[in-house]
Amino acid sequence: MESSGGGVVLHTASGFRISGQRVVFATGYESQQYLKQNVGALKSTFALIREPCDSFEGWPDRSLIWESARPYFYLRTTSDERAIIGGEDVPYATAHKSEQLIARKIQKLQHRFADMFPRLDLEVSYTWAGTFGETEDGLAYIGQTPEFPHAYFALGSGGNGITFCVIAAKIITDLHLGRPNSGANIFRFDR
Ligand SMILES: Cc1cc2nc3c(=O)[nH]c(=O)nc-3n(C[C@H](O)[C@H](O)[C@H](O)COP(=O)(O)OP(=O)(O)OC[C@H]3O[C@@H](n4cnc5c(N)ncnc54)[C@H](O)[C@@H]3O)c2cc1C
């Protein structure tokens, strides 16, 4: 990417050039390589989804449950009568690549679930794990940085990153169009 007049020119790996007024970096934790500011620590996190079941007995209002403990444990139900259970983070970006560690972490999640809901079966359909970036204050970084005046960054770090991404789309649209956005200050890089 290079600055050009009031905008940017992007060079793709296959040799094409794309010109624009602005560019949005939505490249997740890979974005750290472009930035001077440290935008968080990389961790591995683990999750599983269980087979659909007939009963959620003992689960008050099928509420979303999220521990504030570290490492945390979270769980929620889905519209197709399943439960998603996750957490057990470890402070290493690539730890989740170990099949052994995944198996151990999934077992821990299953035990936690069994402790909380002893009357519910937990037949696991699928398990997964991956890297995610966690910021010091738990909030995403969304907006502009001094080193790239023609760029916006939408970095949905953290365990709420999917929600932050939706917020980022609104904030960046408003910043670009010069419209006020009350959330912009909360997520700005120099907060
Ligand atoms: C196991 C697990 C469970 C999670 N559970 C939840 C949850 O329940 N709720 C929640 O809100 N969040 C959850 N998260 C966190 C959430 O996934 C992230 O916070 C969110 O995806 C971050 O969004 P992002 O757009 O910043 O980055 P990403 O979703 O990582 O997207 C970045 C994209 O950019 C691409 N990319 C990178 N570099 C380049 C490049 N040079 N050129 C082109 N493309 C590039 C990547 O391939 C990727 O597709 C979970 C994460 C994991 C790993």
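Tabulated results
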item: Mean residue ellipticity (222 nm) of the chain, computed from DSSP H runs ≥ 4 via -39,500 (n - 2.57), nearest 500; result: -6500 deg cm²/dmol
item: Taking only Cα atoms of the range 41-134, radius of gyration then Dmax in Å; result: 13.2, 40
item: Anchor residue 108: aspartates and glutamates whose Cα lies under 19 Å away (excluding residues fewer than 8 positions away in-chain); result: 51, 67, 88, 89, 99, 121, 123
item: Angle in degrees between helix 99-116 and the longest Cα principal axis of the chain, rounded to the nearest 10; result: 60
item: Radius of gyration and maximum dimension Dmax of the chain, Cα, Å; result: 20.2, 65
item: Residue among 63, 162, 75 farthest towards the positive dipole end of the chain, charges placed on Cβ; result: 162
item: Interchain or long-range residues, amide H under 5 Å from residue 23's placed H; result: 151, 152
item: Computed FRET value (nearest 0.05) for residue 93 with residue 174, which takes r as the C-beta separation and R₀ as 41 Å; result: 0.80
item: Karplus-derived HN-Hα couplings along the range 136-145 (A = 6.51, B = -1.76, C = 1.60, θ = phi - 60°), whole Hz, x at Gly and Pro; result: 4, 9, x, 9, 6, 10, 9, x, 9, 10
item: Estimated dipole of the range 41-134 in Debye, rounded to 20 [Cβ of Lys and Arg +1, of Asp and Glu -1, Cα centre]; result: 400
item: Cross-link reach list, lysines versus residue 105, counting only Cα pairs under 28 Å and skipping chain neighbours closer than eight places; result: 43, 97
item: Note, ³J(HN,Hα) from phi for the range 36-47, Karplus 6.51, -1.76, 1.60, rounded to Hz, x at Gly and Pro; result: 7, 6, 6, 10, x, 9, 8, 10, 10, 9, 9, 8
item: Counting DSSP beta bridges with both ends in the range 1-120, the antiparallel % (nearest 5); result: 100
item: Whole-Hz ³J(HN,Hα) from phi, Karplus 6.51 cos²θ - 1.76 cosθ + 1.60, for the range 152-159, glycine and proline x; result: 10, 10, 10, 10, x, 5, x, x
item: Amide H contacts of residue 72 (H built 1.01 Å from N, under 5 Å, at least 5 apart or other chain); result: 88, 89
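Only the coordinates and a few stated rules stand behind these numbers; no lab work does. Every value quoted in this text rests on a predicted model; they were computed, and no experiment measured them. Please note: Cβ atoms are built from the backbone with ideal geometry, for glycine as well, and neighbour counts cover all protein chains shown.
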